[in-house]
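Any read-out appearing in this document is the output of simple, stated calculations on the displayed coordinates, not a laboratory observation. Computed from a predicted model, the values in this text were never measured in an experiment. Heads up, the Cβs are rebuilt from the backbone with ideal geometry, glycines too, and the neighbour counts pull from every protein chain shown.
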């Protein structure tokens, strides 16, 4: 059998229209490549979309591609990721599944208070797929602790476990702050563990388990990821009945060029002259250009640097998209604010943890408070749906919030 | 009014002689009180001996008649003529102003009574309480809990000296159970016998707040436990100090590789890379020793790890452990399945990184916001003993000397305190002394105690399982305590706990359920 394993597409995540388009193109390219490889099925281990209710453009392209796969009888197995969660359970993934465009593998039932997962069997290959969702703040840990494992571990055949959690033992050192679960929470004896949520490429044959694979994001989801990863990718996996062969396939749509501009002890004009003379010699050839300004200016303030001129120069030299980063730049009189993370999730997680337990509430210990806080952030982050009136939107948010607080 | 137990009849300041009242049975270590005009003086018995109005010769004669001739000869007024004498040492004086070290003597012929709970009303629960046990008077446990300030105690180090079977591990377990109930410090346990988590018996995993226990093991982690994996890129040459005896050439080669290859230095050593300036033989020995201690094979298809030092996983393990400690959790690292050198290497790595992190916090002004971190070291002589230190300083001796400036402390457990250098013993602020049979061991502790324990030899020798004496820079006197059995403490905690788990587990929101 042959299948493609991708994760963390985050369609709709970028604000910049060109980046958003690249993001969508990464998904399209990956699907096209999978079809050309004649895969038997596709696994998407969570966060196909960046929210439970994605915007039109991204949704349209995804649906078109899923329809093509459907027409070629290539099933797509999905699980809900941390960005796709909705307290009501109503998400776009349900809509897509009901339309027959994908199959949600995170299925089960409650037996004596425990969660029993049921296998979804791929008709063509007989592969048995069980899935588990991901939640923000690592809340799925409680689900794992209630998971019945005997039925999963004793099942015969080629088994795939899809999950959307970082595994503690596999986190790279620069992601050590990330919420994660130890591998001991996962059921053993699966042939393939299709991971998601961890934005890093990783594979390991784990004793007592099987091959654990993280394909990383399909398209970098932040400036930091653009610099670190350059591009996204997915895995093509072959199983010949005896051995699994998993190959990482990068999806490189364009190059990423990153420039660090040291503004320490320089005036705004000195700093800009220096970078302009450097950039004038470049030919970006449709690359994504990242300009990182850092340091403390000798005089003036960061706003005195003519960013527009610098960005315009980059476009004139063939840049596809230009992004500037000035968080670590300060003026002579401004205090430096230390960052506690580089991505929104990292900052969010750090702040929530730091302030947990400050207010004593009956029935709430810090851990419960952290879980509730993350769940409330998820809910209050929901966007108004197309066609929804303001009062309907407000009522929906209030109802979902009340549900959380009533627990 | 409390029962009168005896009367002071003679002696000197630190050796007051008390005559025991008839039908009273005083014990070594018992606490007594003399009420004086200046306040209450609390004494402790450190010796018991017989007294008699009859001369020794006559006593022997009477005894001989009773034993050898079955004589029914009896002494007249036996309770008046023969009695028990107790040697007392004054501990503290409690007056209207508070408590102070005792520098006076009670009146001649003062009567002495048993200690009552009210006498110790001055003992309060500090802000960051570390519960050690209940006050003990001889073998009698009084239900008066003893709390010390955990921030002070942990940061100034603790020594738990005791022979086998006296309850060292039980004490460590009780300290951790209490920290789970009232977190005041982050505690790292290097557990060479895998006894604290409770895989096959009651342990930390059974505490109501078990989510604050993080358990690392390399052998079949139970559900929820973390697999102990440390990526080789996390290791630096300094972590091997005190673990392996390198020759000078080998040491230079190690640092040479590190300077050139940075985090990939071990990979290059194992790959047989040449390095100008170093002999092949030196590099070969380096490689061989690395393979042995790290349990990694170098093959044609790359490095293959067989043990906990990994080439793929475990990059965030150290950071995860430090983060957990900063959240005042208890981190248990099971080293029972690891070679002796491997165990030392992990300890060295963790100790170094924790100390460095806290040194950084001090430099950046963040230290005040961080909790104290304490490292529990079983068989502490392996790293703090004279023989170990003769091979060079290691991170634990550094922590013992300097750790308190950075809120990093040790809890050193050992049967052989005499093997620990005096200067290290002197740096340990609290000693919780359990039973020590061997005289040299008792002497080592007595000589380094925070209080004058010169008369405590018999007291320490007679400590039963679970009985201890706490001598600390943070107590006014050496406090005799009874340490609870951790099983009953755990049971008590389980009974008291009122927990409400966040109910999302009941609905498994997000999963498609039938």
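Things to note:
- Quick note on region A:2-251: its Rg to Rh ratio, both from C-alpha atoms and Rh being the Kirkwood radius, is 0.93.
- Among A:84, A:203, A:155, the residue with the largest mean-square fluctuation in a Gaussian network model of chain A, with springs joining Cα atoms closer than 10 Å, is A:155.
- Neighbouring partner chain Cβ atoms per residue of A:164-176, average, 10 Å criterion: 6
- Label-point separation, residue B:514 to residue A:376 (7 Å along Cα→Cβ), nm: 3.7 nm
- Shape of chain B, Cα gyration tensor, a/c cut at 1.5: prolate
- For the segment B:166-174, counting C-beta atoms of other chains within 10 Å of every residue's C-beta and taking the mean gives 0.
- Anisotropy class of region B:304-456 from Cα gyration tensor, a/c 1.5 cut: oblate
- FRET efficiency for the pair residue A:304 and residue A:151, taken as 1/(1 + (r/R0)^6) with r the Cβ-Cβ distance and R0 = 60 Å, rounds to 0.40.
- Helix A:307-316 vs. chain A, principal-axis angle (Cα, 0 to 90°, nearest 10): 70 degrees
- Within a Gaussian network of chain A (alpha carbon springs, distance under 10 Å), most fluctuating of A:259, A:234, A:161: A:259
- Each peptide in B:46-57, B:82-93 receives the mean, over its residues, of other Cβ atoms within 10 Å, and ordering these scores from highest gives B:82-93, B:46-57.
- Acute angle (nearest 10 degrees) that the helix B:317-326 long axis makes with the longest principal axis of chain B, alpha-carbon atoms: 40 degrees
- Residue-normalised convex hull volume from the C-alpha trace of the protein assembly as shown: 245 Å³ per residue.
- Take the Cα of residue B:81, step 7 Å toward its Cβ, do the same at residue B:457, and the gap between the two points is 3.4 nm.
- Short-range pairs are left out: with C-alpha atoms under 8 Å and at least six residues apart, the relative contact order of region B:233-309 is 23 percent.
- Considering all different alpha carbon pairs of region A:256-330, the Kirkwood hydrodynamic radius works out to 12.2 Å.
- Taking other C-beta atoms within 10 Å as the exposure proxy, A:257, A:72 rank A:72, A:257 from fewest upward.
- Nearest-0.05 FRET efficiency for residue A:243 and residue B:300, computed from C-beta distance (R0 25 Å): 0.85
- Inter-part distance where region A:244-299 and region B:176-237 are each reduced to a Cα centre, Å: 44 Å
- Across peptide A:204-216, the mean count of Cβ atoms from other chains lying within 10 Å of each residue's own Cβ comes to 1.
- Protection proxy ranking for B:111-119, B:387-395, using the average of other Cβ atoms within 10 Å per residue and placing the highest first: B:111-119, B:387-395.
- Residue B:359-residue A:252 pseudo-label distance in nm [points 7 Å out on the Cα-to-Cβ vector]: 4.2 nm
- Relative packing of A:25-34, A:239-248, which averages over residues the other C-beta atoms within 10 Å, highest first: A:25-34, A:239-248
- In region A:134-185, Cα pairs under 8 Å separated by at least six residues give a relative contact order of 44 percent.
- Here the relative contact order of chain B, from alpha carbon pairs under 8 Å that lie six or more residues apart, stands at 19 percent.
- Axis angle, to the nearest 10 degrees, between helix A:366-380 and the longest C-alpha principal axis of chain A: 80 degrees.
- Rounded Å value of the spacing that divides the Cα centres of region A:130-148 and region B:463-482: 47 Å
- FRET efficiency for the residue B:368 to residue A:123 pair, using the beta carbon distance and R₀ = 51 Å, is estimated at 0.20.
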